[in-house]
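Okay, so here's the structure we're looking at.
No value in this document is a laboratory result; all are computed from the given coordinates. This one's a predicted model, so the numbers in the text were calculated from it and none came from an experiment. When we count neighbours, we look across all protein chains shown, and the Cβ atoms used for this are built from the backbone with ideal geometry, even at glycine.
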Amino acid sequence: MYSLIRTLLFKIDPEKAHHFSFGAIRLFEILGLTRIIRALWVPRDRALRKEVMGIAFDSPVGLAAGFDKNALLYNAFSDFGFGFVEIGTVTPKAQPGNPKKRLFRLKEDRALINRMGFNNDGVDRVVERLSKRHRTVIGGNIGKNKVTPNENAIDDYTQAMKALYGKVDYFVVNVSSPNTPGLRELQEKEPLFHLLKNLIELRNSLSKKQDVQPCPLLLKIAPDLSDAQLDDILDIVESLKLDGVIATNTTLSREGLNSKAALVSEAGGLSGAPLTHRSTEVIRYLKTRQKHPFAIIGVGGIDSAAKAVEKLDAGADLIQLYTGFVYKGPQLIWDIHKALIERAHGKSS
């Protein structure tokens, strides 16, 4: 069924297809059809449940940031079987993002290139939408506005965290998107340490005021970091006792692509199947070199149950889908669930 829907969607502009899909899913949710999908196709097996960072997840399979960035359909995505939904990237002020056209399909490579540029409705609108009852774990991915210079970036991250605190179950600091000018400079050791240290202090202060447990704080990193840079990340994460790392964001690499040169040359971050190997490498590197345990969420090129298992075997505690979900639809979630359940019960998938 989804292959037919995908064929039709892939005949129109990718961003228009995304908005059309959202409209259709919202209608399904209003009519109660997503609840029926949940009842018929989403398993409730104890083998899928995990506790990570003190949070109980019904499934280790989540929806990555960038898909439901404005917190419009998190309950509907939960009905498809996602164990958690990461909203954002959210910035303090609403912003339109980069000029269109800014999203491209590389069908021959089962990949996407995007240069969206943190287009979102702003943190205040997102907070309003999160007042609905959650049926899943919600992550809040936060970033800075394009017009905010890096020396003032901490103000944007602070404002976003304050507004979302108590509304999400964990936070993700996004300094690794390639589509906001200069943002990746914040991944350098000194500015990153300063940013995260301040956010941890703010997190602890907010949790004390609200008399709640500190909300887990994670860092999302790029796949294009060198081993030396990854070692710096490890030092920062462990010295600050950060709760986890999301590995990885999109890549600037275009190595080994088969799509037309005009598509390959488009600026932006590449996601999908070409990222599979590198993101798994980064996960394994972090896992094997960590001195003190922290959570790892694996994302990048997961478009089959086998690749999901590979990420988990490399050291990921949880995984997230994005481009694989675009190409395969909800069936991908269910296939991963089936494989994990069979593996847990000693059956071959």
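Site pair residue 33 and residue 56 shows an inter-label distance of 3.2 nm when each label is modelled 7 Å from Cα along Cα→Cβ.
When the Gaussian network model of the chain links Cα atoms closer than 10 Å, the mean-square fluctuations of 298, 256, 23 top out at 256. Shown for segment 197-321: lysine pairs separated by 8 or more places, or found on different chains, whose C-alpha atoms are under 28 Å apart, numbering 23. With contributions of -39500 (n - 2.57) from each DSSP H run of at least four residues, the per-residue ellipticity at 222 nm computed over the chain stands at -12500 deg cm²/dmol.
Given the options 269, 244, 166, state which has the largest fluctuation in a GNM of the chain using a 10 Å cut-off (strictly under) for Cα springs. Result for the chain, Cα springs under 10 Å: 166 fluctuates most. The fewest-to-most ranking of 5, 154, 341, 319 by surrounding Cβ atoms within 10 Å reads 5, 341, 154, 319.
For segment 72-146, lysine pairs separated by 8 or more sequence positions, or belonging to different chains, with Cα-Cα distances below 25 Å total 8.
The residue 18 and residue 45 beta-carbon pair, evaluated with R₀ = 25 Å, returns a calculated FRET efficiency of approximately 0.20. Using only alpha carbons, segment 169-313 has a radius of gyration to Kirkwood radius ratio (Rg to Rh) of 1.00.
Bridgeable aspartates and glutamates around residue 167 (alpha carbons under 13 Å apart, same-chain partners fewer than 8 residues away excluded): 86, 124, 128. Within the chain, antiparallel bridges make up roughly 30 percent of the DSSP beta bridges whose residues both belong there. Structure remark: mean-square fluctuation, Gaussian network model of the chain, C-alpha springs under 10 Å; the largest value among 50, 107, 338 belongs to 107. Under 16 Å Cα-Cα from residue 328, which aspartates and glutamates qualify once same-chain neighbours fewer than 8 residues away are excluded? Within the straight-line cut-off, residue 328 pairs with 108, 109, 303. Membrane-span-like helices in the chain, defined here as complete DSSP H runs extending at least 15 Å along the helix axis by their C-alpha atoms with mean Kyte-Doolittle hydropathy no lower than -0.5, are 14-30, 153-164, 227-239, 330-344; this is a sequence and geometry rule, not a statement about a membrane.
Mean sequence separation of contacting Cα pairs (under 8 Å, at least six apart), scaled by the length of the chain, corresponds to a relative contact order of 17 percent.
The length gained by stretching the chain between residue 239 and residue 313 to full extension, at 0.36 nm per residue less their Cα-Cα distance, is 24.1 nm. Mean silhouette area of the chain, derived from the convex hull of its C-alpha atoms and averaged over all directions, reads 16.8 nm². For segment 122-186, which trypsin sites (Lys or Arg not before Pro) pass both filters: DSSP loop (anything but H, G, I, E, B) and at most 14 other C-beta atoms within 10 Å? Those that pass, being in a loop and sparsely packed, are 132, 133.
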